[in-house]
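In what follows, a single structure is set out as structure tokens and then discussed.
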Amino acid sequence: MNINIPQILAKGEGVSVEFKKARNKLPESLFETICAFLNRNGGVVLLGVTDDKKIEGIDPEAANAMIKNLVNLSNNTQQLAPSFLLESTKIEYENRLIIHIFVPASSQVHRCRGKVYDRSADGDFELKSDEQIKQLYVRKNALYTENTVYPYLYETDFVPGLVERVRRIIKINRADHPWNELSDKEFFLTTGLYRRDLAAGTEGFTLAALLLFGKDEMIQSAIPHYKVDALLRKVDLDRYDDRENIRCNLIEAYDKLMAFIAKHLSDKFYLEGDQRISLRDKIFREIVANMLIHREYMNAYPTSLVIYNDRVETKNANKPHLYGQLFPESFEPFPKNPHLAQIFTQMGRSEELGTGLRNVYKYSKEYSGNGDVEFLEEDVFITKVPLTANVPLYVPIIDTDNDTDNDTDNDTDNDTDRGQRILNLIKKDETITVNKLAGNLKVSKSTILREIKELKENGKLKRIGKEKGGYWQIKENRDD
């Protein structure tokens, strides 16, 4: 994080800046200010600076203990409720040591030692009346933190080619989509990923844009607590048997999570009408998308997906609209991050609000023989999908570019729709490998290569780039 101390000092104390003397311990009033910043617009606290901007510094020997105490107290609900993990940094300035504490705006209402504090240009003040606290909740509920504007976030901070890839997937998913003819600038404006904040007088890309397209280091700079843990806990229940620690943008995070699911959970044969569908994908693309697009990203609570013997369980920070179990028949859709949700929906990676919930309930019983799904909306959103003995044992599919599949193709699957099923899988993942196609369709690699050759000859499919780093392109006609 780039910290400009002269700029902060020049700005002086106000609605988003506070200076506090602190020689060798945290000031008594520190968490009142932190609570106020969380409840208002966020801010910066400098420890070791007087109200009149004089740099007194802190005792270097006490600095580490002060930072450790700050972390412990920020996670102590007796001190700050709900708890909120805070980031602090030691900085040497004018030959003295100071501590910089960044406090983001929170989507929740926080209390310090049981009292609610807000912030004004004159400092912290306690909200004492029920009406004042009610209005704070109203304001918080109306706030979508994905709309936070970052004026110094630029397209060069996005992963190269990722915006183009997303737009290409949207076009494949819907050839007549109204976004297809927009320039990138118009696309960002139309989707709400670039906006003007009239109240703050700022303009730029939003947190949603950063989360969707940002490079890892840019995301970590803005929200250093962001990560998604995918864990397998079937043998070692105290730790894990396998782990994927994900800190990348949401587009790539979705791919990594779905790959983790495919690695450790098998699929089963299922026909819906006369068409074969993947129950695993139907269920878990909704679970994974829900984790990513409905998370409250200003909350430091870690997001996790854990595969146990009897269930898959996810947890993510939430800004609840209702409390308790959600059921398809009584569920009222409420968008948490509508701009993130619309991108995922237009890419075909999630259903419209409400439909995805119904799909998980619908297909879970077919997948595992147990329909006791749980969607628990609390301050932490918890999802549980049951697993039983009815889920077939997983047989790993080796995905390697060194596969020398020299079999003579003894597949008995003569399904004439195999080519179309290959195209359907590519629509879901344009980077899918030949080996993964073979695994999904339960045929040999040579069968897939033969089908792909035929699709290419018929002008339906084209390979862009090499095997590594390239992607498939579905062609509308032979003249594409």
### Message
Looking at (1) under 16 Å from LEU292 (Cα atoms); (2) at pLDDT below 90, which one does THR190 not meet, given that it meets all the others?
### Response
(1)
### Task
Check whether at least one residue in region 49-72 is surrounded by 16 or more Cβ atoms within 10 Å (Cβ to Cβ), of a type in the set (Val, Ile, Thr) and closer than 26 Å to LYS140 by Cα, and report yes or no.
no
## Note on the structure
Within region 235-265, restricting to residues that are among the aliphatic types (A, V, I, L, M) and within 21 Å of HIS225 (Cα to Cα), the one that is nearest to the chain's Cα centre (by Cα) is LEU250
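For every residue, the table says whether it meets (1) more than 21 Å from ILE382 (Cα to Cα); (2) of a type in the set (Val, Ile, Thr); (3) modelled with pLDDT of 95 or more.
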| residue | (1), (2), (3) |
| --- | --- |
| ASP197 | yes, no, no |
| THR202 | yes, yes, no |
| LYS234 | no, no, no |
| LEU237 | no, no, no |
| SER266 | yes, no, no |
| ILE283 | no, yes, no |
#### Entry: Answer from LYS462, LYS468, LYS453 - the residue that is modelled with pLDDT of 85 or more and either in a loop (DSSP other than H, G, I, E, B) or loosely packed, with under 12 Cβ neighbours inside 10 Å (or both)
LYS453
### Task
Go through the residues of region 72-79 one by one and say whether even a single one is of a type outside the set (A, V, I, L, M, F, W, C), outside any strand (DSSP E or B), touching a residue at least 60 places away in the same chain (Cβ under 8 Å) and within 16 Å of GLU32 (Cα to Cα).
no
### Query
When the residues of region 301-311 are filtered to those that are among the aliphatic types (A, V, I, L, M) and surrounded by 20 or more Cβ atoms within 10 Å (Cβ to Cβ), which remaining residue is nearest to LEU257 (Cα to Cα)?
LEU305
### Message
List pairs: first residue in region 166-180 and over 13 Å from ILE251 (Cα atoms) and at pLDDT 80 or above, second residue part of a helix (DSSP H, G or I) and among the polar types (S, T, N, Q) anywhere in the structure, Cβ distance under 8 angstrom, at least six positions apart or on different chains.
### Response
LYS171/ASN180; ASN173/GLN346; TRP179/THR190; TRP179/GLN346
#### Entry: Test: residue in region 16-30 that is under 18 Å from ASN72 (Cβ atoms), in contact with a Lys or Arg (Cβ under 7 Å, 6 or more places away or on another chain), without any contact (Cβ under 8 Å) to a residue 60 or more places away in the chain and part of a strand (DSSP E or B)
no
### Message
Among the residues that make up region 239-252, is at least one of them out of contact with any strand residue (DSSP E or B) (no Cβ under 6 Å at 6 or more places or on another chain), of a type in the set (Val, Ile, Thr) and surrounded by fewer than 20 Cβ atoms within 10 Å (Cβ to Cβ)?
### Response
no
### Message
So, in region 172-216, exactly how many residues are surrounded by fewer than 18 Cβ atoms within 10 Å (Cβ to Cβ) and of a type in the set (Phe, Trp, Tyr)?
### Response
1
### Message
From the list VAL149, VAL138, VAL166, VAL159, exactly one residue is surrounded by fewer than 16 Cβ atoms within 10 Å (Cβ to Cβ) and either hydrophobic (A, V, I, L, M, F, W, C) or within 20 Å of the chain's Cα centre (by Cα) (or both). Which is it?
### Response
VAL138
### Task
Please identify the pairs in which a residue from region 449-463 that is without any contact (Cβ under 8 Å) to a residue 60 or more places away in the chain and on the phi > 0 side of the Ramachandran plot has its Cβ atom under 8 Å from the Cβ atom of a residue that is surrounded by 13 or more Cβ atoms within 10 Å (Cβ to Cβ) and not polar (S, T, N, Q), counting only partners at least 6 apart or on another chain.
GLY459/LYS475
### Task
Count, please, the residues in region 414-467 that happen to be closer than 20 Å to ASP281 by Cβ and of a type in the set (Lys, Arg).
6
### Selection count where residues are under 23 Å from the mean Cα position of the chain (by Cα), farther than 14 Å from ILE251 by Cβ and either touching a residue at least 12 places away in the same chain (Cβ under 8 Å) or not in a helix (DSSP H, G or I) (or both), scope region 181-193
4
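The values are calculated or read from the model by the stated rules, or taken from the named source; none is laboratory data. None of the values given here were measured: they were computed from a predicted structure. Using ideal geometry, Cβ is built from the backbone for each residue, glycine included, and neighbour counts are taken over all protein chains shown.
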